[in-house]
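Reading through the structure tokens given below for one structure.
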Amino acid sequence: MKNGIYIFVGEGSRFPSGVFTTTQDAEQWIRKYSLSGILSQYPVDEGLYDWAIENDFFKAKNEHQKEAKFIQQFTCASIEHFHFENGERG
């Protein structure tokens with residue numbers, strides 16, 4: 001993904017606990033504290049829903065998938081992501 005940032009969401013958290021411009025900086029911080037969670041790359045200045053549609057990773061199949069409730073909870077398995085357990089990439 002061009003111009004993406006990396007966001008870390010710790011295990012059991014509903015909100016991110018770190019935002020990074022490189023995986024190297026993110027992994028260094030995750031290892032430092034032996035964190036568990038998911039590091040994902042997100043597009044900048046674009047919603048994930050729109051990015052997924054523009055890159056042919058998602059197509060709305062019915063009307064409810066075009067509504068705010070769906071879009072505000074949207075996630076996409078096609079974004080680059082890494083799982084961590086106790087600071088180690090797994």
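Any read-out appearing in this document is the output of simple, stated calculations on the displayed coordinates, not a laboratory observation. If you're wondering where the values come from, they're calculated on a predicted model, not measured in any experiment. FYI the Cβ positions are ideal-geometry reconstructions off the backbone, even for glycines, and counts take in every protein chain you see.
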Taking only DSSP H segments of four or more residues, each worth -39500 (n - 2.57), what value at 222 nm results for the chain once the sum is divided by all its residues, to the nearest 500 deg cm²/dmol? -6000 deg cm²/dmol
Degrees, to the nearest 10: 23-32 long Cα axis against longest axis of the chain: 50
Counted charge near GLU27, where neighbours are those whose Cβ lies closer than 15 Å (Asp, Glu -1; Lys, Arg +1): -1
Protection proxy (average C-beta count within 10 Å per residue), highest first, orders 13-23, 38-48 as 38-48, 13-23
Out of the chymotrypsin sites (Phe, Trp or Tyr not before Pro) in segment 26-85, which ones are loop residues according to DSSP with at most 16 other C-beta atoms within 10 Å? TYR33, PHE57, PHE74
Count, lysine Cα pairs under 28 Å in the chain, 8 or more residues apart or across chains: 7
At 7 Å along Cα-to-Cβ for each site, give me the label-to-label distance between ASP56 and VAL9 in nm. 2.7
Over segment 4-89, calculate the relative contact order: mean separation of alpha carbon pairs under 8 Å at least 6 apart, over the residue count, as a percent. 34
Please give me, ordered by residue number, the trypsin sites (Lys or Arg not before Pro) of segment 21-90 that lie in loop per DSSP and have at most 12 other Cβ atoms within 10 Å. LYS59, LYS61
